[in-house]
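The numbers here are math on the coordinates, done by the rules we state, and not lab data. Here the structure is a predicted model, which is why all the values come from computation and not from measurement. Quick reminder, even Gly has a Cβ in these numbers, built from the backbone with ideal geometry, and neighbours come from all protein chains shown.
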Amino acid sequence: MSMISAIRESAREFKKLPSLTGAALMSALHMILGYCKIVISTVFEIRFAFLALGVAGMLYGPVVAGVVGAIGDILVFIIRPNGFFFPGFTFNEFVYGFVFGLFFYKKRVTVKRIIAAKLTLSVLINIILTPIWLNMMYGSELFAIPRLIKAVVSFPAECVILYFIMTTAQKVRDGQKNR
C-alpha cells in the first residue's frame, strides 16, 4: 500500500462508526497512558502514551492516529495543565500517530518495522522538533546532549514494549477478522 493510498483509506475511517468509537477509546487510552511514567532521574523518564498511538495507527491509519494523538494531547492539557499550552507539542503527538499509521496500517508488525518507526520518531520528535519548540519557548539550546542520551537509552525499552503491545493488538485484530 502506497503512502498516499494509506492516507486516503485512513481518512475514510472517519466515516465508519466502529472506527470513530475505537479512535475515541484510543484517545482516552492515550490520555491515561500519558500520566503513566517510570521516573529514572530528574531528567529521564519513560512514558507510555505512544503505545496507544501505535495501536491506533495500526488499526485506523495515519490520519485517524494523528488526530487521536492531537486530541489526546489537548485533553491532557485541559484536564491537568502543566505550564502553558504550546501547539508544537500537539503537533508532535499528531506526527507520532501519523508516522505509526504509515508504518503499520494494514501491514504486519515486525521487529524491523518497529525499529524503523521508533527510530524515525526518535529522530524527528526527540532530536529535531522538541528542541525547536523548547528553543522557541525558553531559548534553550537546539542540540542538548541529555536529550540525545535519553533518546538512545530509552529506544530499546520502548521498542520492546511497543513490539509486545503491537503484536498482541495484531492478534486481536486478526481474530476479529476471522469471526
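Structure data summary
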{"quantity": "Length-normalised contact order of the range 60-179 in % [C-alpha pairs under 8 Å, at least 6 apart]", "calculated": "26"}
{"quantity": "Given (1) 52, 32, 30; (2) 52, 36, 28; (3) 67, 37, 31, the label whose value is Cα extents along the principal axes in Å derived from this model", "calculated": "(1)"}
{"quantity": "For the range 16-28, 3J(HN,Hα) per residue [Karplus equation, 6.51 cos²θ - 1.76 cosθ + 1.60, θ = phi - 60°, Hz, x = Gly/Pro]", "calculated": "9, 4, x, 5, 5, 5, x, 5, 5, 5, 5, 5, 5"}
{"quantity": "Cβ-based net charge around Phe50, under 11 Å, with every Lys or Arg adding one and every Asp or Glu removing one", "calculated": "0"}
{"quantity": "Protection-proxy order for peptides 61-72, 2-13, each taking the mean of Cβ atoms within 10 Å per residue, highest first", "calculated": "61-72, 2-13"}
{"quantity": "Amide H contacts under 5 Å for Lys107, placed H, 5+ residues apart", "calculated": "none"}
{"quantity": "Within the chain, longest stretch free of exposed chymotrypsin sites (Phe, Trp or Tyr not before Pro) [DSSP loop, at most 16 other beta carbons within 10 Å]", "calculated": "86-142"}
{"quantity": "Gained length - Leu25 relative to Val152, 0.36 nm times residue gap less alpha-carbon distance", "calculated": "42.7 nm"}
{"quantity": "Relative contact order (%) - criterion: Cα under 8 Å, at least six apart; region: the range 21-119", "calculated": "30"}
{"quantity": "Computed magnitude of the charge dipole of the chain (debye, nearest 20; Cβ of K, R +1, Cβ of D, E -1)", "calculated": "740"}
{"quantity": "Separation of the Ile78 and Ala144 label points, Cα + 7 Å toward Cβ, nm", "calculated": "2.9"}
